[in-house]
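Inspection log for the structure reproduced underneath, given as structure tokens.
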Amino acid sequence: MKKVYYYVGANNITKTLESDKIIKTISEHFDGFTAFEVVGFWKGSQEKTLKIEVITDLIDSKLAGIARELKEKLEQDSVLMEIVQSNCAFIN
């Protein structure tokens with residue numbers, strides 16, 4: 001398993017954090033995740049950012065595709081994706 005973090009900032013055009021749109025997009029790919037509203041910085045400017053944490057076994061290319069989808073839907077210059085190998089386990 002791995003932890004994947006997506007960092008999505010405010011829409012470049014509207015300058016607002018579109019949390020509902022981000023969560024809707026992530027929900028189309030994952031059954032569960034955690035979302036944190038944090039303060040990010042991009043090109044010297046502070047902006048609201050949504051940090052999404054997901055535990056998954058999806059291959060990296062699929063995860064990168066989700067990052068590209070977020071980038072396009074939210075009109076971003078880029079979306080940061082961090083993949084960390086983890087010993088996480090779901091206990092059912």
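Structural remarks
- Scanning the stretch 63-84 for residues that are more than 13 Å from the chain's Cα centre (by Cα) and at pLDDT 95 or above yields one hit, VAL84.
- Qualifying residue in the stretch 71-84 (condition: in a helix (DSSP H, G or I) and without any contact (Cβ under 8 Å) to a residue 40 or more places away in the chain): yes
- Filter result (acidic (Asp, Glu), touching a residue at least 24 places away in the same chain (Cβ under 8 Å) and more than 18 Å from ALA89 (Cα to Cα)) within the stretch 1-57: GLU18, GLU47
- Residue count for the stretch 1-56, restricted to those that are in a helix (DSSP H, G or I) and buried (at least 18 other Cβ atoms within 10 Å of the Cβ): 3
- With respect to the conditions (1) within 19 Å of VAL4 (Cβ to Cβ); (2) modelled with pLDDT under 95; (3) in contact with an Asp or Glu (Cβ under 9 Å, 6 or more places away or on another chain), THR34 falls short on a single one, namely (2).
- Residues in the stretch 57-68 that are in a helix (DSSP H, G or I) and hydrophobic (A, V, I, L, M, F, W, C): LEU63, ALA64, ILE66, ALA67.
The values are calculated or read from the model by the stated rules, or taken from the named source; none is laboratory data. Only a predicted model underlies this, so the values are computations on that prediction, with no experimental measurement involved. Cβ sites come from the backbone with ideal geometry, for glycine too, and all protein chains shown count toward neighbours.
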